[in-house]
Amino acid sequence: MMFIREINHLSSKLLQRIYRQSRHHQVRQRAHCLILASQGVKKGELMNIFSISYKTLYNWFNRWE
């Protein structure tokens with residue numbers, strides 16, 4: 001089950017730019033998480049990759065929406 005809708009092309013480009021260019025680690029991390037989620041990585045894997053809780057993952061996706 002995904003928390004986010006499909007990411008359109010422009011939003012995908014924006015996330016890629018944020019992931020590459022942001023000075024803030026947390027911002028880069030959230031952008032990377034959203035990119036992976038849009039590519040179909042499961043929520044359990046995302047939680048392990050980023051060492052975050054279910055609630056944090058939900059919050060990141062909710063804020064993106």
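Read-outs: derived from the displayed coordinates by stated rules, not from any lab. The model shown is predicted, which means the values in this text are computed figures rather than measured ones. Neighbour counts run over all protein chains shown; Cβ positions are idealised from the backbone, glycine included.
Output the residues belonging to region 53-65 that are of a type outside the set (Phe, Trp, Tyr) and surrounded by fewer than 17 Cβ atoms within 10 Å (Cβ to Cβ).
Within region 53-65, SER53, LYS55, THR56, ASN59, ASN62, ARG63, GLU65 meet the criteria.
Beta carbons closer than 8 Å, at least 6 apart along the sequence or on distinct chains, pair a first residue in region 36-65 that is over 19 Å from GLN16 (Cα atoms) with a second that is surrounded by 15 or more Cβ atoms within 10 Å (Cβ to Cβ) and among the small types (Gly, Ala, Ser) for LYS43/ALA37.
Scanning region 21-44 for residues that are among the basic types (Lys, Arg) and surrounded by 10 or more Cβ atoms within 10 Å (Cβ to Cβ) returns ARG28, ARG30, LYS42, LYS43. Filtered by the rule that a residue be closer than 14 Å to TRP64 by Cβ and in a loop (DSSP other than H, G, I, E, B), region 1-52 gives MET2, PHE3, ILE4, ARG5, GLU6, ILE7, ASN8. For GLN16, the conditions (1) free of Cβ contacts under 8 Å to residues at least 24 places away in the same chain; (2) within 10 Å of the chain's Cα centre (by Cα) all hold with the exception of (2).
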